[in-house]
Amino acid sequence: MNKLAIGLFLALIAITLYITYWSAKRVKTTTDFYAAGRQIKGWQNGLAIVGEFLTAAAFLGIGGLISFWGVDGQIYSITWFASYLVVLLLVAEPIRNSGKYTFADVVSYRLDERIIRPLAAINAFLISLMYLIPQMVAAGALSKLLFGVPASTGLIVVGVLMIVYITFGGMLAATWIQVLKAMILLCGAYVLAFLVMRQFHFSINALFAAVANSKDLGTAWLEPGRWPLIKTPVERLSLGFTLLFGTAALPHVLMRFYTVPTKQHAQGSALWSLTFMMIFHVLTFIFGLGAAVLVGNKVIKALDAGGNIAVPLLARTVAGGQGTLSGELFMSFLVAVAFITIIAATSGLCIAASSAFSYDFWYRVIKRGQQDHAGQVRTARLAAFAIGVLAILGGLAVQHVNVAYLAGMAFAIAATANMPTLIFSLYWKGLTTKGAFIGMLGGALVAVACVVTGPSIMGKNAMFPLNNPGIVTVPIGFLLTYLGSVLTRDKVSAIKYQELAVRSRSGLGAES
Amino acid sequence: MSAGAKPISTAKPEPAVAGRWAEAYQSETFKALSRKRFGFVIPALLAFSALFLVLWIMQSMFPAAARYRVYGYVNVNFIYTMAIFPIVWILGFVFVRYIRREVYPLERELNRQFDRGRDHE
């Protein structure tokens, strides 16, 4: 299986390298590099956005979670999916209408750019890096599990490929690789679901009956309340709330709305991403429960206590079983796809982090908007390269530490620090520069403090009780921004609100 | 408008420019456009939140209801969870149609009224 999987993986890599080569020839201006030349169609961008979220966590993680803990794991499926409705209703069109490349464009529009843009850039940079490093570590662990190569090797391979894609191909390569990956992943998922349900004569009730009557499982797998992490109502609410409303403030997701030519396409691509998310996430219970019944949790746990191997093992079982050509082939295919998924996801994060540095910080703040296109693209490429190296070194340094909490922290910072300023920028006249500053800085600190003193890091000695602090920190973020704004004055912001409101809601004067 | 797009700056807006945006902001067309947009967005967000709140209340406070079997082993919790997919999708689909039918004509109208002096550089 290892050789087969590696062979399939190399074939997919060859395709992605060709995409990068094709893109590299086309990337000439900053708009090409950061926004794929604004030539991406709605459905393509929808797939690319979904690509950012159909990571190994979604594909391998949710299946494993459901197989171990039952339908509680579906909380990720429904909230990740539904979070795109929030994106569609509140931000997709407005940010396309009023920004250029990054979400910092929107939040610094009305406010004092010298203060807010660096802060927004640092937030975006840290959020993307915090997301990136656990992905790299996961890639290492998975390459050991799936391919049988040392974790450090896998991590470095992922890092190097990511650097190649972004440095040469920019957002154009990142987008097309996401589109390709999302399509392959969706096809693979449907074939797998078909093969699993065939075993149960395409009856959900038969699958459930098998779960209920299995001696290792039981009806508890079909009911909420088994997963310890969300056993308390507050913990369940907080996780759901953070996932539902945090997505709308993630820099690497928001950045994708600048790759389309018009606001109609931005809106359309949010609907497409909602569609593709639904198409994938309705299946996750089949993977999880199917693996629990057909493979068995003991077998899965013996290979990987995290459950990430559940879906590949299920693929092998339903496609013929261990030792059969069809079984090994299908498993290898899904393993290769899972790995491509990680590289594509890291690439999206890499470009978000590099644009925060090279565009927001370097070009807009340090150079004050005075740099030619060639210089900007050069800086952007250098930044992508440096971030890639940083992510590889960071990943290698922490690969034996459990850093899964970093992704949760990134989500908490996005929702707590960025969301209030983004929403108030677009919809509230009273926002002031100082209010945004207090909200962004204070929100980030509160989010970090709650995660650091929470159970995911301090275990039983936690001072803050929740694993996912969103339900507490997001209202604090809004409150800080609100109070900071009503206590200070900002004439320019109040005047420019009218301009931003007209632009963001009507598309008057949008970037083309 | 290509590279001539208005750069994002915090320099004080020139009175003429600010005046034009203010004029657009205060126009009846823009008011109607905002009313229409928020008239959908706010109820939609409330309905969306309620949809998830009901699931949360059922799962955490009425586990017996969540466990109640409707057909074979298929219980209320599962049906509700799966129903969220089409409900949320339909909400998104209806929103896009609504915006295209009700709001875009007003946007075009606004563009006709105020686009003349757009800041080309």
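Straight-line reach only, C-alpha to C-alpha below 13 angstrom: list the aspartates and glutamates that B:Lys36 could link to, leaving out same-chain residues fewer than 8 apart.
Result set, ordered by chain and number: B:Glu28, B:Glu102, B:Glu107.
Just list whichever of A:Lys144/A:Lys298; A:Lys263/A:Lys491; A:Lys100/A:Lys367; A:Lys215/A:Lys460 have alpha carbons separated by over 27 Å in the model shown.
A:Lys263/A:Lys491; A:Lys215/A:Lys460
Determine, for A:His400, A:His252, the number of other Cβ atoms within 10 Å of each Cβ, and report the residues in order from fewest to most.
A:His400, A:His252
Let's test the formula: R0 of 30 Å, r as the Cβ-Cβ distance of A:Asn213 and B:Ala64. What FRET efficiency results, to the nearest 0.05?
E(calc), rounded to 0.05, equals 0.90.
Just tell me how shielded B:90-100 is by partners: mean number of partner chain Cβ atoms within 10 Å of each residue's Cβ, no decimals.
For peptide B:90-100, the averaged partner shielding equals 4.
Return a whole-number percent for the relative contact order of the range A:1-106, with Cα pairs under 8 Å and 6 or more residues apart as the contact set.
15 percent
Return the tail of the calculated pair distribution for the range A:368-512, meaning the percent of Cα-Cα pairs more than 27 Å apart.
More than 27 Å apart: 46 percent of the Cα pairs in the range A:368-512.
Any aspartates and glutamates with Cα under 19 Å of the A:Lys41 Cα? List them, leaving off those in the same chain fewer than 8 positions away.
Here the aspartates and glutamates satisfying the reach criterion relative to A:Lys41 are A:Asp32, A:Glu52, A:Glu93, A:Glu511.
Can you pull the mean other chain C-beta count within 10 Å for peptide A:233-240?
Per residue, the average neighbour count from other chains is 3.
I need to check one value: relative contact order of the range B:28-114, counting alpha carbon pairs closer than 8 Å and at least 6 residues apart, in percent.
43 percent
Quick one: A:Ser77, A:Ser355, fewest Cβ neighbours within 10 Å first, how do they rank?
A:Ser77, A:Ser355
Pop out the ³J(HN,Hα) list for the range A:437-443 in order, Karplus 6.51 cos²θ - 1.76 cosθ + 1.60 with θ = phi - 60°, rounded to Hz; leave Gly and Pro as x.
4, 4, x, 6, 6, x, x
Against the longest alpha carbon principal axis of chain A, how many degrees, from 0 to 90 and to the nearest 10, is the axis of helix A:74-86 turned?
For A:74-86 against chain A, the angle is about 30 degrees.
Neighbour counts of other C-beta atoms within 10 Å: give me B:Phe48, A:Phe103 arranged from fewest to most.
The order, fewest Cβ neighbours first, is B:Phe48, A:Phe103.
Provide the descending list of Cα extents for the range A:2-404 along its principal axes, expressed in whole angstroms.
69, 45, 38 Å, listed from the longest principal axis down.
With contacts defined as alpha carbon pairs under 8 Å and 6 or more residues apart, what's the relative contact order of chain A in percent?
30 percent
Each reported figure results from applying straightforward, stated rules to the coordinates on display, with no laboratory input. Quantities reported herein were computed from a predicted structural model and do not represent experimental measurements. Positions of Cβ are backbone-derived with ideal geometry, glycine not excepted, and every protein chain shown enters the neighbour counts.
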